C-alpha cells in the first residue's frame, strides 16, 4: 500500500482530475473498483486489509494485488499524458523527457499505419536529440527509422543510417565513460584528495583524458565535466588565473549550448569565475559574476547566500559600504537562513565588519554583541570575531575590557594551536603593546613594526586571504591610525 500511496501523493490536482474524469466516463466494474481504491488512498487509508474491507468485495488477495497494480499503471500513464515538461525548471531535462515521449508516440503511430504523422513526430524527436545531444534517444530514433525504411528506401539511405548509428555508438560510449567519471569528480573524496595532493597524477591524467575526449567529439556534455574538473583542480592549487581563464570558457559553454544550459549551471559557473577574480583581488570583476550567480540561484535556496557573501565582502573591499550593507540585508531576509545555526551569526559578523570599516563603531559594537555563537566555535571565525571585537574596544578606548579580551584570546590560542598563525599572533602582540602604551599607535615596539610590515607586505605566513573571515584587515587598520 505504501508504494501506491506515494504515487498518489506525487499527482498534481490537474492530474488527479484527469484520472477521476477517465474513471467516471467508464462503467466497467474493474475501473469502478480502481476509482474506489483511489479515493480510499486519497482519504488516507494506509492498510491493505482495511482497504479490502472498505471496497466491499470478496476478491482474493491475488485479485486485490492486481487491482493495485492496474491503478498504479493508470497513474503512471496519467503522468505521461500531462504536459510534464513544463514542470521542469531545466530546459535540457524537459527536452530529454519530451524527446522520449515523442519517440514512443511515433512508434505507436507507425505501428498503426499512420506513417505521415508518425514520421513528423519522429523528426521532431530527432531535432530535439540533435539540439540537446541526446545520444541514447538519437540511436533509438535512427534504429526505428532503419526498421521503417527497410524495403521502402534506397540502399544509400540505409547505408547513411548505418554509419550514423555506428558513429553515435562510439560517441555514446565516450559519453557513458565521462558520466561514469562524473561520479568521481563530484564526490567529496575527490575534493579532499585535491587539497591534500593525494592521487594528483591520477586526477591530472583524468582531466587530460576528458580534455582529449571533448576535443575529439565536440560534445558539450563531455566539455561540461572537463571544465568542471579543470577549474576545481586549479582552484585547489590556488591557480586563480587559470580558474578565470578556464572558467570563462566554461561559462561560454553553459550559456550557449542547450544540452548543458540551465540556471543552476550558469549560476555555478558564474560563481566559479567570480571566485577566481575575488581571490585575485579584482573585486570589480568579481562583483559582475557574483551578481549574475545570485540572480540565477533559486531565491529560497541556500546556494544563493554564497554569492551574496562575496558580493558584500567585495563591495566592502572597494569601500562601497552602502551596497555591502544592502547585500547583508538581502541575506538576513533569506526565508530559510535561520534554519542553519551558523548562518545568521556569520552574517551579523559580516555586517559588524562592514560597519566598522565605515567608521560606525557603535553600530558595529552593537551588532557583534547581538549574537555570541561564533565565540563558542573552534575555527577561524572565532579568532576574527575576537580580533574585530578588540579593534572595536581600542576604538572605544575601553582598556579594561580590552585587557580581559586579550587574556581570554591568548588562552584560547594556547588550547587551539592550529589557529595561532604568525599573522594572528602579530595582531595579538600589537594589541597588547597598544594596551601597555595608552593606545598610542605611534609607540609600537620595533618588534611590532617588523611584524606589521610582514603583514602589510604579506610575507610567507603573514598572507591575508580575501576569502578568510578577516574582512577588516587589522594591519591596514593599524597603519591607518599611525602618523608616520
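Each reported figure results from applying straightforward, stated rules to the coordinates on display, with no laboratory input. Predicted model, so just to flag it, every value in this text is computed and none were measured. Cβ placement follows ideal geometry from the backbone for every residue including glycine, while neighbour counts extend to all protein chains displayed.
Provide 238, 460, 351 in ascending order of the number of other Cβ atoms located within 10 Å of each residue's Cβ, fewest first.
460, 238, 351
Would you mind ranking 484, 168, 438, 315 so that the residue whose beta carbon has the fewest other beta carbons within 10 Å leads the list?
Final ranking by Cβ density, sparse to dense: 484, 438, 168, 315.
Send over the semi-axes of segment 341-484's equivalent ellipsoid, whole angstrom and largest first, taken as the square roots of 5 times the C-alpha gyration tensor eigenvalues.
Largest first, segment 341-484 gives 22, 17, 15 Å.
If neighbour count is taken as other Cβ atoms inside 10 Å, put 431, 441 in order from fewest to most.
441, 431
Evaluate the relative contact order of the chain (contact order divided by residue number), counting alpha-carbon pairs under 8 angstrom at least 6 apart; express in whole percent.
7
Rounded to whole Å, give me the distance from the Cα center of segment 183-227 to that of segment 336-358.
Using only Cα atoms, the two centres lie 35 Å from each other.
Give the relative contact order (percent, whole number) for segment 2-82; include only Cα pairs under 8 Å separated by 6+ residues.
45
Give me the percent relative contact order of segment 341-484, please, defined on Cα pairs under 8 angstrom at least 6 residues apart.
Relative contact order for segment 341-484 comes out at 22 percent.
Run the helix sum for the chain: -39,500 (n - 2.57) per DSSP H stretch of 4+ residues, divided by residue count, reported at 222 nm to the nearest 500 deg cm²/dmol.
-24000 deg cm²/dmol
In whole angstrom, note down how far apart the Cα centers of segment 302-330 and segment 1-78 are.
A separation of 52 Å, based on Cα centres.
If you take mean projected area of the Cα convex hull in nm² from the coordinates, which of (i) 27.3; (ii) 24.5; (iii) 32.5 do you get?
(iii)
Restricting everything to alpha-carbon atoms, can you work out Rg to Rh for segment 89-153 with a Kirkwood hydrodynamic radius?
1.00
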